[in-house]
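So the structure is just underneath, and the comments pick up after that.
Quick note: the coordinates plus some simple rules give every number you see, no bench work behind them. Not measured: the values here are computed from a predicted model. Heads up, the Cβs are rebuilt from the backbone with ideal geometry, glycines too, and the neighbour counts pull from every protein chain shown.
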Amino acid sequence: MSWRGDALAIAIFTNPQDQSADKSDVKTLTLPEALKNLDIQVLSCTLTDLITESEFTGEAGTSVSGRVGIDVAIRKVMLIGMGDPAKATADTWRKAAATAVKWAGKEKVKKLALSLPTYNQDVSLTSQVIAEGVLLAAHRDKRFKSKDPHPSLLELVELLETNPELATPAILKAQQIVDGVILARELVSAPANIVTPITLADTAIAIAAESEHFTVKILEQAECEALGMGAFLGVAKASDIPPKFIHLTYSNGVPTRKLAIVGKGLTFDSGGLNLKTGAGSSIELMKTDMGGSAAALGAAKVIAKLQPTNTEVHFIVATCENMVNGNAMRPGDILTASNGKTIEVNNTDAEGRLTLADALVYTDKLGVDAIVDLATLTGACVVALGEDIGGMWSTDEPFAEAIAKAAKDAGEKFWRMPLEEPYFDQLKSVVADFKNTGSRAGGAITGALFLKQFVEKTKAWAHLDVAGPVWTERESGYNNAGGTGFAVRTLVNLILEF
Ligand code: BES
Ligand code: MN
Ligand code: ZN
């Protein structure tokens with residue numbers, strides 16, 4: 001190997017364990033032949049030393065690093081565990097690449113080389129997912145810092161042992177995907193005094209300008225009134241910032257099937273008169289309540305670059321703020337949605353479903369084959385699945401499977417939840433067609449059942465509750481603290497494979 005630079009990161013699987021060996025035997029790691037030669041010829045046996053000293057076995061999530069002796073072309077090395085090859089997924093590569101990048105940052109590395117095994121014997125996909133991991137881990141949001149807290153010296157990351165003809169386009173694709181993820185991260189991380197409904201509308205307009213295959217329509221408040229969107233506008237009433245109804249359409253060639261993506265876009269959710277109070281209400285995090293729409297717009301940005309043919313996708317966002325003033329909707333008010341259904345608002349903090357109701361009615365008329373909505377809908381979903389897993393509800397098995405496959409390849413986790421119809425009884429209203437909330441128990445499910453009332457014609461519908469995963473307080477894998485851009489990659493895969 002002739003590469004010279006500051007640092008070399010090598011990812012490695014655990015060795016297959018010898019079944020006949022005594023179970024009490026400590027696991028060991030034997031380097032593959034090529035690495036053994038490299039270690040002896042170039043690295044003064046640093047790899048062997050590191051493995052022995054730290055009893056490194058290559059388990060996923062572990063790594064060891066060290067200084068190579070002086071007079072060597074490479075100054076530092078890291079070994080990154082990839083675990084059992086049978087259990088490895090594309091995300092194993094993204095995370096390994098991220099581990100290397102974060103290490104390089106801490107070690108003030110300028111020039112980093114990566115050596116990873118090939119995923120699925122697919123050089124293109126391997127290069128793509130490694131590049132995704134590198135770029136996602138390297139992205140730090142410094143927009144609101146007066147001083148860079150993590151100045152990075154990293155100038156160059158090189159993939160070793162690859163085929164440039166295959167890797168180059170794959171890395172470009174990764175860059176385009178990551179640009180969409182970063183857009184979503186930055187929309188979510190920006191506070192509500194920076195990202196308003198106007199900002200989201202302007203973002204959609206800017207995306208539309210990136211490709212001739214996009215058209216964009218922004219419905220202003222008066223047009224939403226004319227369409228009878230009483231549920232959406234009921235939420236928007238107490239805000240000084242105007243609501244915007246965004247309809248962004250990508251159409252390229254004759255579509256095999258048509259898809260619509262609907263995102264919840266509350267740029268701030270105070271709870272309304274059912275104000276979010278006290279610790280645990282997380283009112284200070286409610287700038288993230290547009291995470292669903294951020295994912296939709298992030299995916300649209302990627303599609304503008306990838307320009308898939310025979311594709312028609314609609315991106316719909318009814319965006320507003322849920323605020324408090326003398327015009328605010330009151331608990332107990334009855335709103336009429338654009339399909340004529342009446343809703344008793346027994347809780348003004350269940351506002352997302354009110355905005356989505358009108359967005360879904362609008363989308364249901366577009367004649368698409370499937371609708372997927374994404375929403376930071378309920379704290380109950382976070383209680384059920386934790387912060388790293390989104391909830392998925394669907395009326396259609398093949399569509400649910402398509403989303404599950406798209407998510408798996410993206411390294412984003414969703415767990416299928418039931419559309420338990422009897423729970424809809426909780427939403428029975430004395431005065432209106434139904435109420436907007438039921439009891440605390442099963443709150444994520446009644447949220448999904450509420451939304452289902454507004455999809456009548458479209459064959460396939462799925463609801464993704466992303467309240468947990470759109471934001472993280474701690475860095476892990478390729479995510480840094482802040483907005484994660486969750487669901488962008490799933491949506492892109494879904495659009496490409498639908
Ligand atoms: N935006 C919240 C849900 C949320 C909670 C998102 C935590 C992210 C983190 C949503 O509008 C909301 O307030 N939901 C209520 C519903 C309840 C009133 C039925 C909730 O989860 O408490
Ligand atoms: Mn709310
Ligand atoms: Zn909300």
Report task. Answer rounded, prolate or oblate for the range 176-497, using the Cα gyration tensor with square roots of eigenvalues a ≥ b ≥ c: rounded when a/c is under 1.5, else prolate when a/b is larger than b/c, else oblate. Result -> rounded
Report task. Using only the Cα atoms of the range 1-112, build the gyration tensor, take square roots of its eigenvalues as a ≥ b ≥ c, and label the shape rounded, prolate or oblate: rounded if a/c is under 1.5, else prolate if a/b is larger than b/c, else oblate. Result -> oblate
Query raised in the report: Suppose every K and R has +1 on its Cβ and every D and E has -1 on its Cβ; what is the size of the dipole of the range 5-162 about the Cα centre, in Debye to the nearest 20?
Result: 980
Requested in this report: Using packing as a proxy for protection, rank 344-353, 261-270, 281-290 so that the peptide with the highest average count of other Cβ atoms within 10 Å comes first.
Outcome: 261-270, 344-353, 281-290
Query raised in the report: Taking Cα pairs under 8 Å and at least six residues apart, what relative contact order does the range 217-313 come out at, in percent?
Result: 35
Query raised in the report: Normalised by the number of residues in the range 176-497, what is the relative contact order in percent for Cα pairs under 8 Å and 6+ residues apart?
Result: 24
Query raised in the report: Under the rule of -39500 (n - 2.57) per DSSP H run of 4 or more residues, summed and divided by the residues of the chain, what mean residue ellipticity at 222 nm is obtained, to the nearest 500 deg cm²/dmol?
Result: -11000 deg cm²/dmol
**Report entry** Cβ-placed point charges (K, R +1; D, E -1), dipole of the chain about Cα centre in debye, nearest 20
**Finding:** 680
Query - Violating pairs (Cα-Cα greater than 24 angstrom) within the set K106/K145; K341/K452; K173/K301; K237/K301; K36/K106; K36/K108 - result: K237/K301; K36/K106; K36/K108
Query raised in the report: Using Cα pairs under 8 angstrom and six or more residues apart, how large is the relative contact order of the range 326-412, in percent?
Result: 17
Report task. In whole Hz, with x marking every Gly and Pro, tabulate ³J(HN,Hα) for the range 254-268 from phi via Karplus 6.51 cos²θ - 1.76 cosθ + 1.60, θ = phi - 60°. Result -> 7, x, 6, 9, 10, 10, 10, 10, 10, x, 5, x, 7, 6, 7
Requested in this report: Identify all aspartates and glutamates with a Cα-Cα distance to K27 below 14 Å; exclude those on the same chain that are fewer than 8 residues away in sequence.
Outcome: D18, E53, E55, E59, D84
Report task. Would you mind putting 296-306, 467-477 in packing order, based on average other-beta-carbon counts within 10 Å, highest first? Result -> 296-306, 467-477
Requested in this report: With everything on Cα atoms, drop me the angle between helix 291-306 and the longest principal axis of the chain, reported from 0 to 90° to the nearest 10.
Outcome: 60
Query raised in the report: In sequence order, what are the phi-derived ³J(HN,Hα) couplings for the range 127-138 according to the Karplus relation 6.51 cos²θ - 1.76 cosθ + 1.60 with θ = phi - 60°, rounded to whole Hz, with x for glycine and proline?
Result: 4, 4, 6, 5, 4, 4, x, 4, 5, 5, 5, 6
**Report entry** Whichever lysines have a C-alpha closer than 16 Å to that of K95, once near sequence neighbours (fewer than 8 apart) are set aside
**Finding:** K87, K408, K413
Report task. Report P(r) for the range 159-279: all Cα-Cα distances, bin width 5 Å, range 0 to the bin holding the largest distance, values in whole percent. Result -> 2, 8, 13, 17, 17, 14, 10, 7, 5, 3, 3, 1, 0
**Report entry** Residues whose placed amide H lies under 5 Å from that of K110, excluding near-sequence neighbours
**Finding:** D6
Report task. Using θ = phi - 60° and the Karplus relation 6.51 cos²θ - 1.76 cosθ + 1.60, list the HN-Hα couplings for the range 43-50 in order, rounded to whole Hz, with x at every Gly or Pro. Result -> 9, 6, 6, 4, 4, 4, 4, 4
**Report entry** Amide H partners (placed H, <5 Å) of M82, local residues excluded
**Finding:** I12, F13, T14
Query raised in the report: Taking amide H positions as placed 1.01 Å from N in the peptide plane, with prolines and chain starts having none, which residues 5 or more places from A238, or on another chain, fall under 5 Å of its amide H?
Result: M323, M329
Report task. Please say if the range 244-375 is rounded, prolate or oblate, where rounded means a/c under 1.5 for a ≥ b ≥ c the square roots of the C-alpha gyration tensor eigenvalues, and otherwise the choice is prolate for a/b larger than b/c and oblate otherwise? Result -> oblate
Query - Cβ-based charge dipole, the range 275-364, positive-most Cα from S282, L356, G298 - result: G298
Query - DSSP bridge pairs, the chain: antiparallel proportion in percent, nearest 5 - result: 40
**Report entry** Dipole magnitude (debye, nearest 20) for the range 348-431, charges at Cβ of Lys, Arg, Asp, Glu
**Finding:** 40
